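The block underneath contains the structure these notes are about, expressed in structure tokens.
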Amino acid sequence: MTDTSETDLSSGKRRFFGWILFPIALFPLAALLTYDWRATDLQIPAAHSTNWIGPLGDFFAYYGYCLLGFAVWILPIYCIVISCRIIAGESLRPGIRLLWRSLLLVAAASLLQIMEHYAPGI
């Protein structure tokens, strides 16, 4: 009987973590949605920013595009999906899956950059 109550407590903590993670996962999405490409002069101290997240949002979006290109849009979607899965009570086992997901992100970034050459509207 102790195992059941400990499992319920662990599941409750995991779901609480999922509910906390969900709004945190919305920050990169808001940073990308409100990114202004003209705000590339990242200054210290930070200048007035039009990004909803502020200068940190500009920083995330600018360097995200520099590192991953258009595949940076996968990150907030992935974070939201992971938080929903935690809220639903699914057990997540990071390990080899993290390696494959990272490989998927790199492949998507590469393909989107190649597609830009052949389909300029992307």
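The values are calculated or read from the model by the stated rules, or taken from the named source; none is laboratory data. This is a predicted model, so every value here is computed, not measured. SASA here: full protein model, heavy atoms, side chains in, ligands and nucleic acids out. Shrake-Rupley method; radii C 1.70, N 1.55, O 1.52, S 1.80 Å.
Of everything in the range 60-77 that is hydrophobic (A, V, I, L, M, F, W, C), open to solvent by less than 40 Å² (accessible area, probe 1.4 Å) and modelled with pLDDT of 80 or more, the residue that is nearest to Ser102 (Cα to Cα) is Val72.
Looking for something modelled with pLDDT under 75, of a type outside the set (A, V, I, L, M, F, W, C) and not in a helix (DSSP H, G or I) - is there at least one such residue anywhere in the range 46-59? Looking for residues that are modelled with pLDDT under 75, of a type outside the set (A, V, I, L, M, F, W, C) and not in a helix (DSSP H, G or I), one finds at least one in the range 46-59, hence yes.
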